[in-house]
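Here the structure is laid out as C-alpha cells; the discussion comes afterwards.
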Amino acid sequence: MPDSKFFLFAMLSACILSVCLGSVSFAAEPKAQDGFPTEELLWPNGAPGALGNAPEDKPALFFYQVTGEKRVAAVVICPGGGYGNLAMGHEGHDIARWLNTLGINAFILDYRHRGKGYGHPAPLQDVQRAIRTVRARAEAFRVDPNQIGVMGFSAGGHLASTAATHFDMGNPESKDPTDRVSCRPDFAILCYPVIVFGQEATHLGSQRNLLGENPDPSLVEYLSNEKQVTDQTPPTFLFHTDADRGVPAENSVAFYLALRQHGVPAELHIYEHGRHGLGLASDVAGVSRWPASCADWLRGRGFPRNQ
C-alpha cells in the first residue's frame, strides 16, 4: 500500500511538473518582440450573417505590436488556404514577426471561410472590418491611420486584392464608430495571389469555396479583381514564382498590368524557382530575396515613415 501511494504521488508530481514546464515553454514563444499576440474580435456582439456563436463564427485579429511609443505603419495579414482553411503559421504568425522587425505593427486576420461554413460575402466583410478596426482604433494600437496596408497569400492574396479594389470611405451616419471610417488600404502586398476568376489561370478550388459550384457570372466578374482596378487602387507589391503550378503567375501578371493601365504605382517580382505556398521562402534560393525586396519597396514608398 505505501508503494502504491508513493507511485500515485510520483505520477501526480510528474504531471504537475510537466504542465509547469509546458507553461514556461509556451510563455517563452515570441510574439515578435514582447509576448503573445492580443486577440481582438471584429464584432464583439456578433458578426453579420453569423451562423452561430461558436469560435468559427467569430472573425478576429491577432495583434503583434512593435515596442515604442510612436505611431507606426500597420498591415492586416490574410493567410492563404484556398478559402477552405487558414495557413496561420507560415503565412500568418511568421509574417507578423517579420513585419515587426521592420517596425510595422501586424494584425493577422482570422477570417471566415468555407471550412467554417462561409462563402462570399463573409471574407470580404471580415477584411473590410479589419481595416476599419485598425484605423478607427489607431491611437490605441499606436498606428498611423494613413499607413494601413493589407497583405495576402494565395487565396488570402485574393482577399487582400479584393480589399484593395472593393472599398468605401465609411458611413458617417453609422451608430458604430468603426463603420464610420474608410476600409481602403493605403498599400497592398500580394504574395503568389489568386486574382482571376472564371479563366484558364483560375485556382478553381478557391473560386468554388468562395462562390459555390455554379456562381452567378456577374459575381465571378465582380471578384475577378484585375477587372476591378481603378486609379484609386492603392500602390501594390506582388511576387510569384514561374514554377508555381497551384496558382499560375498569370494571376499576378494580370493584376500588375491592370495597375499599370490605371497609373497605380506597382512592383512585380517573378522568380524562376519555388513551389506554391512558400511563405517567407527562407530556404529557397532566389525567391528568398522577396522579403528584402518588399522591405525596400515599403521604404521607398515611405512606409513606415516614423523609423
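Being within 20 Å of Pro177 (Cα to Cα) and at pLDDT 95 or above is the requirement here; does Pro48 meet it?
Criteria met by Pro48.
Which residues, taken from the stretch 81-113, are polar (S, T, N, Q) and in contact with a Leu (Cβ under 9 Å, 6 or more places away or on another chain)?
Asn105
Take Phe167 and decide whether it is buried (at least 16 other Cβ atoms within 10 Å of the Cβ), closer than 23 Å to Ile131 by Cα and at pLDDT 95 or above.
Considered against the rule, which asks whether it is buried (at least 16 other Cβ atoms within 10 Å of the Cβ), closer than 23 Å to Ile131 by Cα and at pLDDT 95 or above, Phe167 comes out as yes.
Could you list, in sequence order, all residues of the stretch 180-206 that are surrounded by 18 or more Cβ atoms within 10 Å (Cβ to Cβ) and over 18 Å from the mean Cα position of the chain (by Cα)?
Across the stretch 180-206, the qualifying residues are Val181, Val196, Phe197, Thr202, His203.
Those residues that are surrounded by 21 or more Cβ atoms within 10 Å (Cβ to Cβ) and either over 12 Å from the mean Cα position of the chain (by Cα) or modelled with pLDDT under 95 (or both), I need them from the stretch 100-111; list them, please.
Asn100, Ile104, Asn105 - these are the residues of the stretch 100-111 that are surrounded by 21 or more Cβ atoms within 10 Å (Cβ to Cβ) and either over 12 Å from the mean Cα position of the chain (by Cα) or modelled with pLDDT under 95 (or both).
Just the residues that are out of contact with any Phe, Trp or Tyr (no Cβ under 7 Å at 6 or more places or on another chain), free of Cβ contacts under 8 Å to residues at least 60 places away in the same chain and within 19 Å of Trp98 (Cα to Cα), please, taken from the stretch 264-307.
Answer for the stretch 264-307, where residues must be out of contact with any Phe, Trp or Tyr (no Cβ under 7 Å at 6 or more places or on another chain), free of Cβ contacts under 8 Å to residues at least 60 places away in the same chain and within 19 Å of Trp98 (Cα to Cα): Ser282, Asp283, Val284, Ala285, Ser288, Arg289, Ala292, Ser293, Asp296, Arg299, Gly300, Gly302.
The values are calculated or read from the model by the stated rules, or taken from the named source; none is laboratory data. Please read these numbers as outputs of a predicted model, since none were measured by experiment. Here the Cβ is made from the backbone with ideal geometry for all residues, glycine too, and neighbour counts use every protein chain on show.
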